[in-house]
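This report refers to the structure that appears directly beneath it.
The values are calculated or read from the model by the stated rules, or taken from the named source; none is laboratory data. What you see is a predicted model; the values in this text were computed from it and never measured. In this analysis, Cβ positions are derived from the backbone assuming ideal geometry, glycine residues included, and neighbour counts consider all displayed protein chains.
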Amino acid sequence: MRLDEYVDDLDREESVELRKLAEEKSYAVTKYIDDARTRFDETLSGETLVGSTAPSVFVGRSGYPQVSAGLLAPVGDEDDAADYVTTGAWYEQGYDIDDVFERRTGLLNSTRRSNVDARDVWDGFVGTQREVAIADRPVDVELGLEDRPGFDLDGSLEDIAAPRGPRVGADTARVTENPSIPRAVEKTLSDDDWRATGAMTYLYRRGFDVYEINNVLSVGALGQGENRRLVPTRWSITAVDDTIGQYLRGTVRNAPTIGQTSVWHAEYMGNEYWVVAAPGEWEFELLELKAPGSIWNPDPNGQLYMAADSEGYEGRTEYVEETSGAYYAARLGVLEALAERGRQAKVFVIRHATDGYWAPVGVWQIRESIRDAVAGEAAVAESFHGAVRELVPRLPVSMADLRRKSTLAAGIQSDLSAFGGGVGSR
């Protein structure tokens, strides 16, 4: 399908609800937290939570290297504990921001302060956390809590808008069943000489998704023995996306290029994505357009915020400056598709965060949106520049501003492969 036909045929929802007023959003968040408080009050036995099921873990970054190690467990809905884990299934099920609030606020985060240097600790709270993280399904636990859970509603809207559940200190924690540990994870655990990057790649090649690998890395269960540390969850998510992305880039570096310029589109949770892949050696850029009134550009009367990061054929050696974890999540989705097809390309991803994206839910929605987009049928454009020219009217930015900000839009040149010299059709 030609790109102009593809754009015309997009099933766009013209009556998308505009960003809710601050008071409405605050009320919605408060309602979810009130529901969680009621459920916890009905379930907790004194200051002990007996018979809960922990599907996931969390490691904070505040105070590093003394961090908050946490066990995440739903209260009052243990039979569906797996549904509370952030995975690609949330995208497949069409979760919206409210659905994420409901899941996140329903998770009790039981925490203990710990030094990140806990490589040999397999008992106590950190040991329990590790058993939960490496298990292949949610694990039954018993938690001794220091106090009743705290539901902090103080602070600005932005402070309470991020989906999160109540937090409470834990005196004790123990697993009340024998967790089932995948054989591949046992292998990485037992090899103290295996670098973390190699162990992550090994797990990915054996069918583990980045969500599972992130959990194992976060609790310090990967890498050479003397280097194993607890890794704050936010850092570990990006580390896994980056590591697997570098591995996949290596698999396509000598692959033939795609034979035509392809364009994909996706919309999710108030975010709109365009992926343009053109013939040529590997290059990648993520351009983010953050609308006034969106969560990272909250002033509804402000200016559009633009951020961009890119890399060439050799990849990056330093962390991105402007787009943070979104860059690595988007790049992973693109590289997975190219590796599956045995092709390389110059790829330009545009993310437009509209005012409908009124609360942050995490980079998983970026990763899954890109994965879903590039798995579908693409529209075809005559060239990279031709594709960008046709997309600009769909974007809240002019061509001139786009070229000033985007390295690819400003500098990519047609080569022989753009005129039929490439191999393959995707």
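Looking across the stretch 206-226, the residues that are surrounded by fewer than 24 Cβ atoms within 10 Å (Cβ to Cβ), touching a residue at least 40 places away in the same chain (Cβ under 8 Å) and more than 13 Å from the chain's Cα centre (by Cα) come down to Ala221, Gly225, Glu226.
Of the residues contained in the stretch 175-186, one or more are found to be surrounded by 15 or more Cβ atoms within 10 Å (Cβ to Cβ) and at pLDDT below 95.
Per-residue answers, yes or no, for (1) under 18 Å from the mean Cα position of the chain (by Cα); (2) outside the structural domain of Gly356 (by TED's automatic domain parsing):
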site: Leu248; (1), (2): yes, yes
site: Gln260; (1), (2): no, no
site: Asn271; (1), (2): yes, no
site: Gly293; (1), (2): no, no
site: Pro300; (1), (2): no, no
site: Tyr305; (1), (2): no, no
site: Gly312; (1), (2): no, no
site: Gly325; (1), (2): yes, no
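Beta carbons closer than 7 Å, at least 6 apart along the sequence or on distinct chains, pair a first residue in the stretch 63-80 that is in contact (Cβ under 8 Å) with a residue 40 or more places away in the chain and on the phi < 0 side of the Ramachandran plot with a second that is assigned to a helix (DSSP H, G or I) and surrounded by fewer than 23 Cβ atoms within 10 Å (Cβ to Cβ) for Ala69/Val126. Among the residues of the stretch 240-279, the ones that are in contact (Cβ under 8 Å) with a residue 40 or more places away in the chain, over 18 Å from Ser310 (Cβ atoms) and assigned to a helix (DSSP H, G or I) come to 5 in all. For the stretch 388-419, the candidate set comprises residues that are touching a helix residue (DSSP H, G or I) at 6+ places or on another chain (Cβ under 6 Å) and hydrophobic (A, V, I, L, M, F, W, C); within that set, the residue that is modelled with the lowest pLDDT is Ile412. Looking only at the stretch 293-312, which residues are closer than 23 Å to Ala345 by Cβ and of a type in the set (Val, Ile, Thr)? Matches in the stretch 293-312: none. The condition (being modelled with pLDDT of 95 or more, within 18 Å of Thr243 (Cα to Cα), over 15 Å from the mean Cα position of the chain (by Cα) and of a type in the set (Val, Ile, Thr)) is satisfied by just one residue among Val334, Val320: Val320.
Among the residues of the stretch 194-235, how many are part of a helix (DSSP H, G or I) and among the hydrophobic types (A, V, I, L, M, F, W, C)?
9
Among the conditions (1) more than 18 Å from the chain's Cα centre (by Cα); (2) at pLDDT 90 or above; (3) aliphatic (A, V, I, L, M), the only one that Ile160 does not satisfy is (2). One residue stands out in the stretch 41-85 among those that are modelled with pLDDT of 80 or more, of a type in the set (A, V, I, L, M) and not in a strand (DSSP E or B): the one that is surrounded by the most Cβ atoms within 10 Å (Cβ to Cβ), namely Ala81. Applying the condition of being touching a Lys or Arg at 6+ places or on another chain (Cβ under 7 Å) and in a strand (DSSP E or B) to the stretch 290-306 and asking which residue is farthest from Leu335 (Cα to Cα) yields Asn297.
For the stretch 362-384, does any single residue satisfy the condition of being of a type outside the set (S, T, N, Q), free of Cβ contacts under 8 Å to residues at least 12 places away in the same chain and surrounded by fewer than 24 Cβ atoms within 10 Å (Cβ to Cβ)? Scanning the stretch 362-384, I find no residue that is of a type outside the set (S, T, N, Q), free of Cβ contacts under 8 Å to residues at least 12 places away in the same chain and surrounded by fewer than 24 Cβ atoms within 10 Å (Cβ to Cβ), so the answer is no. Among the residues making up the stretch 313-335, those that are touching a residue at least 12 places away in the same chain (Cβ under 8 Å), surrounded by fewer than 20 Cβ atoms within 10 Å (Cβ to Cβ) and either among the aliphatic types (A, V, I, L, M) or under 16 Å from Trp282 (Cβ atoms) (or both) are Tyr313, Gly315.
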